[in-house]
Amino acid sequence: MSKNTYVLVHGAWHTGAELEATADQLRARGHTVHCPTLAGNRPEDDRATTGLEDAAQSLAAFLDQHGLEQVRLVGHSYGGMVISRVADLRPQRLARLVYVNAFVPQPGECLNDLVPPHYTALFDNIAAETGGGVMLPFPIWREAFINDADLALATEAFGKLNTHPYKTFQDPITLSQPMAACPLPKSYVNCRMDAALPHSLGWHPRLSERLGLFRHVECSGSHEVWFTDPAALAAAIEQAGRD
Amino acid sequence: MSKNTYVLVHGAWHTGAELEATADQLRARGHTVHCPTLAGNRPEDDRATTGLEDAAQSLAAFLDQHGLEQVRLVGHSYGGMVISRVADLRPQRLARLVYVNAFVPQPGECLNDLVPPHYTALFDNIAAETGGGVMLPFPIWREAFINDADLALATEAFGKLNTHPYKTFQDPITLSQPMAACPLPKSYVNCRMDAALPHSLGWHPRLSERLGLFRHVECSGSHEVWFTDPAALAAAIEQAGRD
Amino acid sequence: MSKNTYVLVHGAWHTGAELEATADQLRARGHTVHCPTLAGNRPEDDRATTGLEDAAQSLAAFLDQHGLEQVRLVGHSYGGMVISRVADLRPQRLARLVYVNAFVPQPGECLNDLVPPHYTALFDNIAAETGGGVMLPFPIWREAFINDADLALATEAFGKLNTHPYKTFQDPITLSQPMAACPLPKSYVNCRMDAALPHSLGWHPRLSERLGLFRHVECSGSHEVWFTDPAALAAAIEQAGRD
């Protein structure tokens, strides 16, 4: 098995730190793994003004600063928006895109275009009160995001989340072409108990098939399998990321 | 892991006795488990006249008689009709509703509203001949309900079934509100090889998403995993039933 | 467990040889297993003129020549077209039909009626150039057919494929009745990572439910689980094929 370079890109409310357990599993298999934190989710970032392009530019800059090549760029959830944009910004640094229950936008779409209306309504209300940063309510986290955890782990993991800049859900993405036309190899990891999107309006195949030809990989676990089963997720990411 | 009280509510053609193997697995994990038999499926019950409300009232009475509190009320298949009604009758005794490939009715629906027309036609004909009690034909049981068993187990388990009062499939349910509006926590266990409903008109997400916010849990096995893999089912029920 | 006779029928681009690893697993469980190569996929066959009826007649002749009775006839992919026709030609030799992510045609349909238009367009173009034989492009094979293999196995397995007679994809099938009306017992094995058909236009339940009453069995792995996990596939085929 060849040794590859992976960059794991977190979802909303997360930082790279929460992906380190999975990264360690990949490192134990011989790979080089980076877990950057996107602009917007760092302590110092302004939750009211940071947008999707800021997040994508911060990831592109990270790839440049570390001089990374032949990267398997892995995006989780909201991270799918970000890696889709970076595929336009830095294609020469990438070997493959890997979406892990992640959003796959069409040109000009925003994340909010891809979720059920009741989610958008919920976060519109929260953002109106806070002025820009949104937190996921604990009952939704516990029941729909980390449904495979016990309450202790669900609570502990929730304590690691950070307020997310809502503008990144509202900003239309700039893409030079639909992702199906992007010539990079692409994979989609689907976790079977992931109910963060309702299965009637789910991740796969609704969003995955926007990739055109792609490699489908299944994994056990919920949307937050990064916390509940890093070993299973690392095995799935390796299956998805290898040549 | 906290120790909880579970009440397992059987489906059509079953009694509580067929759930005891799974109950024993939960008891071995420290939980208290009851497996009552609903009115309509006891030897002495009149298959022609016992209806859905009788079944629900018998379950409510069982909870009262045993003074049960903080119950995780688990309904299988037809049992989903019954626990939905009992959530209206005895909400103060319940901590969570757990549906295991179970029907989730809207107010005023009957079970027959939720199954394919060919099932309704089949049972209409059987009930017309018997005057009210219906038995599941063995080929449907063997191929679509207990598809993960060998023939010996399929035959042995079939021998334990009892004639079911068809009126319970025809009676519209009385609910004070849609289940999505019921404030109790809710879970849905979906067995991946459950083909008792055709997957094009399946249990999940078609019926599960009527619960509103709910916890999705996957399990291996068929509709009759109570016979074929009680240990896997007990683990899934515990994942679904814990706080 | 009773010992049965299995005939495994390969898909397009394959011969019986590629099924031998799975056959050996079934033989180790005590079964008798044959893996014939259909007319059209043998070295000497004319890829321009061999059609679906030729393939079906060659399988019927194989059953006759070996005097096989009580056969569990297992078709993979394109092999589903062939076993459906043989169920008409030699019903008296068969105990059960088992489809493994296989096509289930209605009377008068051809295989091309059941696949996405972009597949048909692709192979129309290839066949126009070659005069009748079509090969699957390697990127589709690697990403969508054998997505659970590493690159070495994907490449090695690709080297075993043979050019397929495209006429067998274009010939309408002759069936005396829809498969749902065929009185033979039927099973459908669905591999969860099989993405050879896009999941939005997938094998199961879209094609499986054309069988009427059938036994659903799940298996791990991709469309080419014959190469990637013969033991898991053999276990699933036995679950599907037993009485």
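The values are calculated or read from the model by the stated rules, or taken from the named source; none is laboratory data. Remember, predicted model here, so these are calculated numbers, not experimental data. Cβ sites come from the backbone with ideal geometry, for glycine too, and all protein chains shown count toward neighbours. For accessibility, only protein heavy atoms count, side chains too; no ligands or nucleic acids. Shrake-Rupley method; radii C 1.70, N 1.55, O 1.52, S 1.80 Å.
Structure notes:
- Against the numbered list (1) farther than 17 Å from A:Ala196 by Cα; (2) touching a residue at least 24 places away in the same chain (Cβ under 8 Å), A:Glu129 comes up short only at (2).
- Condition broken by A:Glu238, with the remaining ones in (1) surrounded by fewer than 24 Cβ atoms within 10 Å (Cβ to Cβ); (2) under 26 Å from A:Arg42 (Cα atoms); (3) among the charged types (D, E, K, R); (4) away from chain B (no Cβ under 12 Å) satisfied: (2)
- Taking first residues from region B:52-68 that are farther than 19 Å from B:Tyr6 by Cβ and partners that are open to solvent by 70 Å² or more (accessible area, probe 1.4 Å), the Cβ contacts under 9 Å between residues at least 6 apart in sequence or on separate chains come to B:Leu52/B:Lys167; B:Leu52/B:Gln170; B:Leu52/B:Pro172; B:Leu52/B:Thr174; B:Glu53/B:Thr174; B:Asp54/B:Lys167.
- Pair list, Cβ < 7 Å and 6+ apart or interchain, from region B:132-151 residues that are away from every other protein chain (no Cβ under 11 Å) to residues that are open to solvent by less than 10 Å² (accessible area, probe 1.4 Å) and assigned to a loop (DSSP other than H, G, I, E, B): B:Gly132/B:Tyr166; B:Gly133/B:Tyr166; B:Val134/B:Tyr166
- Within region B:139-176, restricting attention to residues that are open to solvent by 30 Å² or more (accessible area, probe 1.4 Å), part of a helix (DSSP H, G or I) and charged (D, E, K, R), the residue that is nearest to B:Gly16 (Cα to Cα) is B:Glu156.
- Every residue from region A:37-52 that is closer than 17 Å to A:Gly80 by Cα and surrounded by fewer than 21 Cβ atoms within 10 Å (Cβ to Cβ): A:Gly51
- Qualifying residues in region A:1-17 (those that are within 17 Å of the chain's Cα centre (by Cα) and of a type in the set (Gly, Ala, Ser)) - the one surrounded by the fewest Cβ atoms within 10 Å (Cβ to Cβ): A:Ala17
- Residue within region A:53-76 that is assigned to a loop (DSSP other than H, G, I, E, B) and buried (at least 20 other Cβ atoms within 10 Å of the Cβ) present: no
- Looking across region A:152-167, the residues that are out of contact with any helix residue (DSSP H, G or I) (no Cβ under 6 Å at 6 or more places or on another chain), more than 14 Å from chain B (Cβ to nearest Cβ) and not charged (D, E, K, R) come down to A:Gly159, A:Leu161, A:Asn162, A:Thr163, A:His164, A:Pro165.
- Unique residue being touching a Leu at 6+ places or on another chain (Cβ under 7 Å) and in a loop (DSSP other than H, G, I, E, B) when the list is A:Pro36, A:Pro43: A:Pro36
- Screening B:Phe103 with (1) modelled with pLDDT under 95; (2) buried (at least 19 other Cβ atoms within 10 Å of the Cβ) gives one miss only, at (1).
- The criterion of being at pLDDT 95 or above and either among the β-branched types (Val, Ile, Thr) or buried (at least 23 other Cβ atoms within 10 Å of the Cβ) (or both) does not hold for A:Ala181.
- Top-ranked residue of region B:189-206 - restricted to ones that are in contact with a Pro (Cβ under 9 Å, 6 or more places away or on another chain) and in contact (Cβ under 8 Å) with a residue 60 or more places away in the chain, ranked as most open to solvent (accessible area, probe 1.4 Å): B:Leu201
- Filter result for C:Ala21 (touching a Phe, Trp or Tyr at 6+ places or on another chain (Cβ under 8 Å), open to solvent by 40 Å² or more (accessible area, probe 1.4 Å), more than 23 Å from B:Glu143 (Cβ to Cβ) and assigned to a helix (DSSP H, G or I)): yes
- Qualifying residue in region A:116-138 (condition: outside any loop (DSSP other than H, G, I, E, B), at pLDDT below 95, hydroxyl-bearing (Ser, Thr, Tyr) and surrounded by fewer than 17 Cβ atoms within 10 Å (Cβ to Cβ)): yes
- Pairs, first closer than 14 Å to C:Gln177 by Cα in region C:76-98, second open to solvent by 20 Å² or more (accessible area, probe 1.4 Å) and assigned to a helix (DSSP H, G or I), C-beta under 8 Å, six or more apart: C:Arg85/C:Glu53; C:Leu89/C:Gln57
- The listed residues are B:Gly221, B:Gly212, and the only one of them that is open to solvent by less than 20 Å² (accessible area, probe 1.4 Å), at positive phi and modelled with pLDDT of 95 or more turns out to be B:Gly221.
- Hits in region A:168-214 - residues which are within 14 Å of chain B (Cβ to nearest Cβ) and of a type in the set (Lys, Arg): A:Arg192, A:Arg206
- The residue list B:Arg85, B:Arg90 contains one member that is open to solvent by 10 Å² or more (accessible area, probe 1.4 Å) and under 13 Å from the mean Cα position of the chain (by Cα), which is B:Arg85.
- Yes/no for B:Val104 being part of a loop (DSSP other than H, G, I, E, B) and in contact with a Lys or Arg (Cβ under 7 Å, 6 or more places away or on another chain): yes
- Residues in region B:88-131 that are closer than 30 Å to B:Val71 by Cα and of a type in the set (Gly, Ala, Ser) were compared, and the one that is nearest to the other protein chains (Cβ to nearest Cβ) is B:Ala95.
- Flag for C:Asn112 being open to solvent by 50 Å² or more (accessible area, probe 1.4 Å), in a helix (DSSP H, G or I) and out of contact with any Cys (no Cβ under 8 Å at 6 or more places or on another chain): no
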